[in-house]
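The values are calculated or read from the model by the stated rules, or taken from the named source; none is laboratory data. Computed from a prediction, not measured in an experiment: that's the story for all the values here. In this analysis, Cβ positions are derived from the backbone assuming ideal geometry, glycine residues included, and neighbour counts consider all displayed protein chains. These accessible areas exclude ligands, DNA and RNA; they are computed on the full protein's heavy atoms, side chains included. Shrake-Rupley method; radii C 1.70, N 1.55, O 1.52, S 1.80 Å.
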Amino acid sequence: LPADATEPAAALLECARKIRGRGWCDGTSGNFSVTLTRAPLRLLITPTGVDKAELEAQDLLVLDERVLATGAGQAPSAEAPLHVALALRAGAGAVLHTHSVWNTLLGEHFRQRGGFVLSGYEMLKGLDGVRSHREEVFVPVVENTQDMPALAAEVERLLGERPALRGFLIAGHGLYTWGRGLVEAHRHVEIFEFLFQLAGRRIPLRPFSGTA
Ligand SMILES: [Zn+2]
């Protein structure tokens, strides 16, 4: 890794282990990045297919805007274009993508409505810029797809509509959130996952019919 990635790498590994410990990126799911430089844009990002509990600094990759891997034999996540889009369009200093039970459930539940509002919870104030539990925080839900450039374009459209956006869900898939730096992005994961559990527990269970 380049010299300017040493400290960000240590912070990123610690953050990834904490998130893994909460059960928010089981298996080898999820991916995390930190912006190293903006001109030119360079991101430090987790590789695909590695358990976040086993991750070491040498596994991390440095990407530029064209999503070129410069790491040692590892491939970046297929979702790397989303990290680039968020660094460029949302000014993100760190982007965290989790696959929790609750964010997967809510994304699927609110897929057809295109999103849902979180309001009335004190914990909302943990999101950057939210001053009161009464504020309404809209969480958009976008369709899941394996076409990452299309998803990145959709995310750019969302950010154009909602410049103050702090996170969104991909239906049946997971959460993307970010912050000016890794500390803020990590706090946003914790706040969103907390609020998703509250929102998810309010969805009535469907009567048992033999299939989930
Ligand atoms: Zn994912």
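How do Phe192, Phe138, Phe208 rank by accessible surface area computed with a 1.4 Å probe, from largest to smallest?
Values: Phe192 0, Phe138 65, Phe208 185 Å².
In descending accessible area the options line up as Phe208, Phe138, Phe192.
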Task: Most mobile of Ala94, Ala152, Ala16 in a GNM of the chain (Cα contacts under 10 Å) - done: Ala152
TODO: List every residue whose amide H lies under 5 Å from the amide H of Thr48, counting only residues 5 or more places away in sequence or on a different chain, with H placed 1.01 Å from N in the peptide plane.
DONE: Ala75, Ser77
Task: For Glu135, distant residues with modelled amide H under 5 Å away - done: Gly120
Task: ³J(HN,Hα), Karplus 6.51/-1.76/1.60, whole Hz, each residue of the stretch 172-183, x for Gly, Pro - done: x, 9, x, 9, 10, 9, 7, x, 5, x, 5, 4
Task: Projected label distance in nm at Leu41 and Glu135, using a 7 Å step from Cα toward the beta-carbon - done: 2.5 nm
- [ ] At 7 Å along the Cα-to-beta-carbon direction for both Arg162 and Asn144, put a label point, then send me their distance in nm to one decimal.
- [x] 2.0 nm
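Between Ala3 and Glu54, what FRET efficiency comes out of the Förster formula 1/(1 + (r/R0)^6) with R0 = 25 Å and r the beta carbon distance, rounded to 0.05? Numbers along the way, then the final one.
Values: r = 25 Å, r/R0 = 0.98.
With R0 = 25 Å, the Cβ-Cβ based efficiency is 0.55.
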Task: Estimated vicinal HN-Hα couplings, Hz - the stretch 2-12 in sequence order (Karplus 6.51, -1.76, 1.60; Gly, Pro = x) - done: x, 4, 6, 9, 4, 5, x, 5, 4, 5, 5
Open item on the list: Can you sort Arg201, Arg42, Arg111 by solvent-accessible area, 1.4 Å probe, largest first?
Closed with: Arg201, Arg111, Arg42
TODO: Springs between alpha-carbon atoms under 10 Å, Gaussian network over the chain: tell me which of Val137, Val95, Val117 tops the mean-square fluctuations.
DONE: Val117
Open item on the list: Please list 3J(HN,Hα) in residue order for the stretch 104-121, calculated via the Karplus relation 6.51 cos²θ - 1.76 cosθ + 1.60 where θ = phi - 60°; whole Hz, with x for glycine and proline.
Closed with: 5, 4, 5, x, 6, 4, 9, 4, 5, 7, x, x, 7, 9, 9, 7, x, 10
Task: Part-to-part distance (alpha-carbon centres) for the stretch 142-181 and the stretch 93-141, which is given in Å - done: 12 Å
Open item on the list: Using amide H atoms built in the peptide plane, which far-off residues or other-chain residues are under 5 Å from Leu41 H to H?
Closed with: Glu65
Open item on the list: Can you show me the helix-derived [θ] at 222 nm for the chain, built from DSSP H runs with n ≥ 4 at -39,500 (n - 2.57) apiece and divided by the number of residues, rounded to the nearest 500.
Closed with: -10500 deg cm²/dmol
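State the percentage of accessible surface on the stretch 1-118 attributable to carbon and sulfur atoms; use a 1.4 Å probe and exclude ligands, DNA and RNA. Please report the intermediate quantities before stating the final value.
Values: 2660 of 5270 Å².
About 51 percent, which is the carbon plus sulfur part of the accessible surface.
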Task: Solvent exposure, largest accessible area first (probe 1.4 Å, DNA, RNA and ligands not counted), of Glu135, Glu143 - done: Glu143, Glu135
Task: Per residue, in Å², the accessible surface of the stretch 1-152 once ligands and nucleic acids are set aside, probe 1.4 Å - done: 47 Å²
Task: Residue among Asp147, Asp64, Asp26 with the largest mean-square fluctuation in a Gaussian network model of the chain, springs linking Cα atoms under 10 Å - done: Asp147
